[in-house]
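Structure first, then comments.
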Amino acid sequence: MRILRTLLPTVLLLACYQSKNFEPVRVERPAAAAASPQEPSIEIVATPAGKGSGEPFIFALEDGLGLSWLEPVEGTDRFALRFARYANEEWSHPRTIVERDDLFVNWADFPSIQADARGDLFAHWLQKSGKGTYSYDVRMAISKDGGATWGESFLLNRDGKQAEHGFVSLAALPEGGIAATWLDGRNMTGGDHGHGGGDMTLRYANVDSSGSITSDEELDDRACECCATGMAMTSSGPVIVYRDRSPEEVRDISYVRRDGATWSEPAAVHRDGWKINGCPVNGPQIDAIGADVATAWFTAAGEEQRVYASFSTDAGATFGEAIRIDDGKPVGRVDLVMIGPRTALVTWLEHTPGGAEIRLRRVTSDAPPDPSVKIADSDAARAAGFTRIGLSSGELWLAWTEQNAGSKGVRVARVRM
């Protein structure tokens, strides 16, 4: 998750040095662990999102917080991508970034916004490019005034194919502009997640404040078709996590990293061995502070659903043990934010007898995870979407889609540790 970091001294744990030659192994750790330093305070914060809103994305800004979401335009067949800022305990008036009748609205593949090192905002969304169900492009726009106005949109993918392009992750580049990674279906045929042939690819590009795109390159020629990607900027450069796809249909989490001008070959974060003949729509997330990196993911290898986290101390060159963090019946749909060296907060969706819950847990590389904390009731259905989190001014913020008796709306919570 892209965040503005303010360390939380009451929740930080210092971890022991982890050798680069450490052989990753799976460590099953029970959910019941040592008591938390203190119970967090959870507050539901009203948002300016309207009726029927969903697919939120939350992120930190220098002076507060940003929230984007998709919302149907009453009385029309159009949808709008809207944005609001939160500062001084109140939301700004919502701004519309784009409003069209050909936006691709999907519970798992949704817009995001990233602030670069200079404070410019970069938004992305998905827009239909043809009649095929999965024929859509990634379009972007830039705001240079904090989101009050947005420039003309432009294409991130420039292949000109009526194919699937999406599951975008953005990260700020150190000198301004943003890095973008996405799943690109330019080599696929059939218009339905590649069922007609060809493979989904993983691509990367840099985007500057004028909208110019450079370093556009393919990083993996065969990836899982519709699982979210994740990207973090380390002290050595970007690290990308995604669900890979082997010729034998093993779909474990892989990563690639750039050190200088060179990209690494794809490597497994951990070899779960999940063989599945189809995309689970359940991708990983990643965050970094300097050379410290943490990632979290879902797997159902061996017919057992689990959520894991893993840490790196060398800017993503290697990852350590897989640490289990769920409560026994996870749906997945993870997000993660680092709060200090080898320490992260992870959210996921957990099955319950009544449906599902959004849960939060602190995890470190050298100690049992803290007990989980329930944030809110949710639903395991696709309409519940993905919870997204951000850290701002020492507080954790969460945004999700609430589905209730046929109605739908964006909800936000603030967690004080």
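Listing for the model above:
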| quantity | calculated |
| --- | --- |
| Members of the range 128-154 found to be in a strand (DSSP E or B) and among the aromatic types (Phe, Trp, Tyr), listed by number | Tyr136, Phe154 |
| Hey, Glu357 closer than 16 Å to Ile325 by Cα and free of Cβ contacts under 8 Å to residues at least 60 places away in the same chain or not | yes |
| The range 401-412 residues that are over 13 Å from Ala376 (Cβ atoms), paired with ones that are assigned to a strand (DSSP E or B) and β-branched (Val, Ile, Thr) (beta carbon under 7 Å, 6 or more apart) | Lys408/Thr401 |
| Residue tally, condition of a type in the set (Gly, Ala, Ser) and open to solvent by 20 Å² or more (accessible area, probe 1.4 Å), over the range 270-284 | 2 |
| Matching residues in the range 210-240 - criterion: being polar (S, T, N, Q) and more than 14 Å from Asp287 (Cα to Cα) | Ser210, Ser212, Thr214, Ser215 |
| Positions within the range 350-385 being hydrophobic (A, V, I, L, M, F, W, C) and either touching a Ser or Thr at 6+ places or on another chain (Cβ under 8 Å) or assigned to a strand (DSSP E or B) (or both), in sequence order | Ala356, Ile358, Leu360, Val363, Val373, Ile375, Ala376, Ala383, Ala384 |
| Condition met for Thr347 (among the hydroxyl-bearing types (Ser, Thr, Tyr), at pLDDT 95 or above and either over 19 Å from Gly230 (Cα atoms) or in a loop (DSSP other than H, G, I, E, B) (or both)) | no |
| Index of the failed condition, Thr189 passing every other in (1) touching a Pro at 6+ places or on another chain (Cβ under 9 Å); (2) open to solvent by 40 Å² or more (accessible area, probe 1.4 Å); (3) farther than 18 Å from Ala317 by Cα; (4) part of a loop (DSSP other than H, G, I, E, B) | (1) |
| Candidates Val73, Val45, Val105, filtered to the one that is β-branched (Val, Ile, Thr), surrounded by fewer than 20 Cβ atoms within 10 Å (Cβ to Cβ) and in contact with a Pro (Cβ under 9 Å, 6 or more places away or on another chain) | Val105 |
| Some residue of the range 242-260 being modelled with pLDDT under 95 and surrounded by fewer than 18 Cβ atoms within 10 Å (Cβ to Cβ) | yes |
| Residues located in the range 83-102, provided they are open to solvent by less than 50 Å² (accessible area, probe 1.4 Å) and acidic (Asp, Glu) | Asp102 |
| Output for the range 226-241, where each listed residue is of a type outside the set (A, V, I, L, M, F, W, C) and either open to solvent by 20 Å² or more (accessible area, probe 1.4 Å) or out of contact with any Leu (no Cβ under 7 Å at 6 or more places or on another chain) (or both) | Gly230, Thr234, Ser235, Ser236, Gly237, Pro238 |
| Any hit, the range 85-102, residues being modelled with pLDDT of 95 or more, under 20 Å from the mean Cα position of the chain (by Cα), under 23 Å from Ala384 (Cα atoms) and part of a loop (DSSP other than H, G, I, E, B) | no |
| Among (1) open to solvent by 20 Å² or more (accessible area, probe 1.4 Å); (2) modelled with pLDDT of 50 or more; (3) out of contact with any Phe, Trp or Tyr (no Cβ under 8 Å at 6 or more places or on another chain) - the single one Ala80 does not satisfy | (1) |
| Sole exception among (1) open to solvent by less than 40 Å² (accessible area, probe 1.4 Å); (2) at pLDDT below 95 for Pro9, by number | (1) |
| Pick from the range 208-219, criterion open to solvent by less than 40 Å² (accessible area, probe 1.4 Å) and under 18 Å from Ala261 (Cβ atoms), ranking: nearest to the chain's Cα centre (by Cα) | Leu219 |
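Okay, residues lined up against (1) open to solvent by less than 10 Å² (accessible area, probe 1.4 Å); (2) over 21 Å from Glu39 (Cβ atoms); (3) polar (S, T, N, Q):
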site: Phe311; (1), (2), (3): yes, yes, no
site: Ala315; (1), (2), (3): yes, yes, no
site: Gly328; (1), (2), (3): no, yes, no
site: Asp366; (1), (2), (3): no, yes, no
site: Ala383; (1), (2), (3): no, yes, no
site: Asn404; (1), (2), (3): no, yes, yes
site: Val410; (1), (2), (3): yes, yes, no
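The values are calculated or read from the model by the stated rules, or taken from the named source; none is laboratory data. The model shown is predicted, which means the values in this text are computed figures rather than measured ones. Cβ sites come from the backbone with ideal geometry, for glycine too, and all protein chains shown count toward neighbours. Just the protein is used for accessible areas: all its heavy atoms, side chains included, with ligands, DNA and RNA removed. Shrake-Rupley method; radii C 1.70, N 1.55, O 1.52, S 1.80 Å.
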